[in-house]
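In what follows, a structure is listed as structure tokens, so that the remarks can point back to it.
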Amino acid sequence: MMEFAPVRAVWRRELALYRRYWASTSFAAMTEPTIYLLAFGYGFGSVVGALYGYDYKDFVATGVVATAVLFIGAFGGMFNTFIRRTFQHTYDAMLAAPVDVRELVTAEASWLAVKAGVYGCAPMLVGVAFGLEPSWGMLLVPFIGFLTGLVFALFGVWVSAIVPSINTFDYVITGALTPMFMVAGTFFPVTQLPAWVAAAAQVNPLYHCVELVRGAVFGRLGLDDLGHLGVLSACAVLMWALAVWKMRARLID
Amino acid sequence: MPIVASMDAIVLHGVTKRYPDVTAVDGLDLEVPEGICLGLLGPNGAGKSTTMRLLTAQSLADEGEIRVMGLRLPQQSKQARALMGVVPQLDNLDEELTARENLEVFAHLYRVPRQERRAAVDRALALAQLTDRAATRTVNLSGGMRRRLLIARGLVHQPRLVLLDEPTVGLDPQVRQELWSLIVRLREEGVTTLMSTHYIEEAERLADDCALMSHGRIVARGSPEELVKEHAGAEVAEHYASQERQAEIAALAAEAGVPTRRTGPSISLLKSEQLPRSLEEALGPPNVRRPATLEDVFVVLTGEAVE
Ligand SMILES: Nc1ncnc2c1ncn2[C@@H]1O[C@H](COP(=O)(O)OP(=O)(O)OP(=O)(O)O)[C@@H](O)[C@H]1O
Ligand SMILES: [Mg+2]
């Protein structure tokens with residue numbers, strides 16, 4: 001049976017670490033989207049102007065939410081989990097206490113997901129500072145960030161349990177994350193891409209995140225967004241199962 | 001099947017754990033009665049740490065039956081882990097966290113109730129003698145302090161059963177003494193302790209009972225005195241001799257059924273008080289006569305060669 005107490009105990013450790021590193025974490029979370037916004041929103045925006053009726057920098061500010069979520073979730077899931085498992089033996093220590101692998105994985109991923117949900121709002125807030133119009137729908141963005149962050153954190157945990165060494169992450173980043181990042185509709189609509197690439201975007205969780213964020217922020221959520229939500233939820237369930245399976249194989253011999 | 005109230009804190013029956021290259025635990029039978037300190041002695045690679053991991057279900061046995069505090073493993077391992085404190089052989093403290101934070105995290109993991117948590121952490125800090133270093137990050141603690149913290153972490157929830165895997169390795173004599181008194185205190189409080197160690201003296205002083213492990217199974221079991229009496233007798237005769245002569249003596253002794261062990265420049269004949277007349281005459285008087293020790297038993301029973 002899955003219990004809440006161990007999950008909270010693992011969060012307690014994350015909280016202790018966060019208290020130590022919140023300044024650098026927050027600095028990175030705020031600065032990166034600002035750079036994207038300035039570079040793309042203004043640099044590019046002055047050429048592009050408007051896109052599908054949106055001001056280009058509003059388009060980018062909403063799109064970069066997904067980028068932030070991707071980085072926090074996937075990088076945290078891959079690197080933190082790998083380092084804690086292999087170098088620090090943190091999980092070995094924890095699993096000697098009344099904690100199961102699935103509780104451990106759930107706790108680690110959900111913490112990252114909360115972080116992704118919170119810091120994922122940073123680009124949007126920076127966007128507001130640069131003229132994006134506030135809307136009630138923005139209140140949904142942390143939740144969209146959480147769900148997407150969960151998918152990528154679990155993906156990262158899964159990957160961390162199958163790579164032979166930390167260098168192998170290069171393949172994952174270049175071969176999987178970068179393409180996902182490019183064909184998610186962050187900087188330009190996927191409809192601009194060749195048909196097969198646009199089709200591939202349909203299985204990219206990040207694309208569904210971008211669609212949901214824009215739907216929420218621009219107040220045009222519709223029935224098709226249930227589809228996006230469904231894809232993200234299905235990905236989360238699948239990734240959870242994969243992450244728990246492989247982590248158990250690595251931690252329990 | 002109803003759980004029978006047992007007087008054994010730990011029961012292992014015919015437990016086998018195979019790794020691709022080696023059978024780490026090979027048909028192990030071991031019972032640890034409640035309230036005792038059992039010293040698990042064995043050379044490197046004997047399977048001590050693997051046994052400990054089996055008891056927390058971090059390793060799953062290929063065969064055999066394991067019970068901890070009456071709970072069946074691995075099915076009820078989570079309940080069992082809640083009742084146990086574990087001090088691993090390899091330091092896995094959280095280096096980024098302070099001494100206090102390390103203990104707090106484990107107080108949470110072990111589900112110490114909220115009202116008692118602060119007191120539990122303070123008590124563990126005192127136990128580790130780190131009260132005034134509570135705010136020091138673990139990475140900045142000395143090796144001995146880390147070891148103490150590691151032990152205190154396994155005791156933060158006042159478990160009834162403690163697994164100590166080589167608790168005093170790499171510690172200076174003073175700190176080792178302190179840890180010994182700590183273990184003695186645990187036993188006085190009725191805590192069951194399973195302690196693996198390489199230090200014979202440690203086992204002699206602390207353990208009510210010793211189990212000698214070799215190649216994944218127990219080869220001898222008893223109190224230190226019983227083990228010495230049974231396997232090494234009362235007295236040991238040491239003969240200083242060249243390597244060739246040592247080999248000759250060893251052969252003669254083996255013929256007479258007398259156990260021997262190499263002791264550097266000399267060869268030791270155990271149970272020398274039972275030496276046959278003829279052998280005694282063939283060897284001449286020994287250079288040294290000394291009482292038999294647990295170390296003699298250890299070496300004779302677990303083999304001299306390190307594999
Ligand atoms: N995860 C593993 N994978 C493969 N082999 C393992 C694993 N863990 C232990 N072994 C092997 O099992 C055997 C027993 O190891 P174990 O660590 O239990 O010995 P030990 O008695 O604790 O030794 P030491 O006194 O050196 O700590 C060794 O041959 C070891 O190489
Ligand atoms: Mg060991």
Legend entry - Selection count where residues are facing another protein chain (nearest Cβ under 7 Å) and part of a helix (DSSP H, G or I), scope the range B:94-103: 1
Legend entry - Identity of the residue in the range A:85-99, surrounded by fewer than 21 Cβ atoms within 10 Å (Cβ to Cβ) and not β-branched (Val, Ile, Thr), that ends up nearest to the other protein chains (Cβ to nearest Cβ): A:89
Legend entry - Count of residues meeting criterion [over 9 Å from residue B:86 (Cα atoms) and either within 16 Å of ligand 1 (Cβ to nearest atom) or of a type in the set (Ser, Thr, Tyr) (or both)] in the range B:151-170: 5
Inset, instruction - Return a yes/no flag: does the range B:205-212 have any residue that is within 24 Å of residue B:80 (Cβ to Cβ), within 16 Å of ligand 2 (Cβ to nearest atom), within 14 Å of chain A (Cβ to nearest Cβ) and at pLDDT 90 or above. - result: no
Legend entry - Check on residue B:288, touching a His at 6+ places or on another chain (Cβ under 9 Å), of a type in the set (A, V, I, L, M) and open to solvent by 50 Å² or more (accessible area, probe 1.4 Å): yes
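So that you can scan it fast, the table gives a plain yes or no per residue for (1) within 28 Å of residue B:136 (Cβ to Cβ); (2) under 24 Å from the mean Cα position of the chain (by Cα); (3) outside the structural domain of residue B:139 (by TED's automatic domain parsing):
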{"site": "B:17", "(1), (2), (3)": "no, yes, no"}
{"site": "B:20", "(1), (2), (3)": "no, no, no"}
{"site": "B:34", "(1), (2), (3)": "no, yes, no"}
{"site": "B:40", "(1), (2), (3)": "no, yes, no"}
{"site": "B:53", "(1), (2), (3)": "no, yes, no"}
{"site": "B:57", "(1), (2), (3)": "no, yes, no"}
{"site": "B:69", "(1), (2), (3)": "no, yes, no"}
{"site": "B:92", "(1), (2), (3)": "yes, yes, no"}
Inset, instruction - Determine which single condition residue B:49 fails, assuming it passes every other condition in (1) within 16 Å of ligand 1 (Cβ to nearest atom); (2) in contact with a Leu (Cβ under 8 Å, 6 or more places away or on another chain); (3) closer than 21 Å to residue A:93 by Cβ. - result: (2)
Legend entry - Selection count where residues are open to solvent by less than 10 Å² (accessible area, probe 1.4 Å), farther than 28 Å from residue B:182 by Cα and more than 13 Å from chain A (Cβ to nearest Cβ), scope the range B:21-65: 1
Legend entry - Odd one out for residue B:204, checked against (1) outside any strand (DSSP E or B); (2) farther than 14 Å from residue B:39 by Cα: (2)
Inset, instruction - Please work out which residue is nearest to the other protein chains (Cβ to nearest Cβ), limiting yourself to the range B:104-118 and to residues that are touching a residue at least 24 places away in the same chain (Cβ under 8 Å) and surrounded by fewer than 24 Cβ atoms within 10 Å (Cβ to Cβ). - result: B:111
Legend entry - Any chance residue A:20 is in contact with a Leu (Cβ under 9 Å, 6 or more places away or on another chain) and either surrounded by fewer than 16 Cβ atoms within 10 Å (Cβ to Cβ) or polar (S, T, N, Q) (or both): yes
Inset, instruction - Take residue B:167 and decide whether it is within 16 Å of ligand 2 (Cβ to nearest atom), assigned to a loop (DSSP other than H, G, I, E, B) and out of contact with any His (no Cβ under 8 Å at 6 or more places or on another chain). - result: yes
Inset, instruction - Scan the range B:104-122 for residues that are part of a helix (DSSP H, G or I) and in contact with a Gly (Cβ under 9 Å, 6 or more places away or on another chain) and jot them down. - result: B:106
Inset, instruction - Check whether at least one residue in the range A:194-205 is crowded, with 19+ Cβ neighbours inside 10 Å, under 29 Å from residue A:52 (Cα atoms) and free of Cβ contacts under 8 Å to residues at least 24 places away in the same chain, and report yes or no. - result: yes
Inset, instruction - Please find, within the range A:232-253, the residue that is nearest to the other protein chains (Cβ to nearest Cβ) out of those that are closer than 20 Å to residue A:145 by Cα and open to solvent by 70 Å² or more (accessible area, probe 1.4 Å). - result: A:240
Legend entry - Matching option when the condition is away from ligand 2 (no atom under 16 Å from the Cβ), over 13 Å from the mean Cα position of the chain (by Cα), surrounded by fewer than 20 Cβ atoms within 10 Å (Cβ to Cβ) and more than 30 Å from residue A:20 (Cα to Cα), among B:161, B:227, B:182: B:182
Inset, instruction - Please work out if residue A:8 is of a type in the set (D, E, K, R) and closer than 14 Å to residue A:111 by Cβ. - result: yes
Legend entry - Residues satisfying the stated conditions in the range B:66-86, i.e. facing chain A (nearest Cβ under 10 Å) and farther than 20 Å from residue B:24 by Cβ: B:78, B:79, B:80, B:81, B:82, B:83, B:84, B:85
Inset, instruction - Take residue B:18 and decide whether it is more than 16 Å from ligand 2 (Cβ to nearest atom), touching a residue at least 40 places away in the same chain (Cβ under 8 Å), within 14 Å of chain A (Cβ to nearest Cβ) and out of contact with any Leu (no Cβ under 6 Å at 6 or more places or on another chain). - result: yes
Inset, instruction - Determine whether the range B:123-131 contains at least one residue that is touching a residue at least 12 places away in the same chain (Cβ under 8 Å), within 13 Å of chain A (Cβ to nearest Cβ) and of a type in the set (A, V, I, L, M). - result: no
Legend entry - From the options A:49, A:53, A:45, A:41, residue that is more than 9 Å from chain B (Cβ to nearest Cβ) and crowded, with 22+ Cβ neighbours inside 10 Å: A:41
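The values are calculated or read from the model by the stated rules, or taken from the named source; none is laboratory data. Model, not experiment: these values are computed from the prediction. A quick note on method: Cβ atoms are made from the backbone with ideal geometry, for glycine too, and the neighbour counts reach across all protein chains shown. Areas reflect the complete protein model, heavy atoms only, side chains present, ligands, DNA and RNA absent. Shrake-Rupley method; radii C 1.70, N 1.55, O 1.52, S 1.80 Å.
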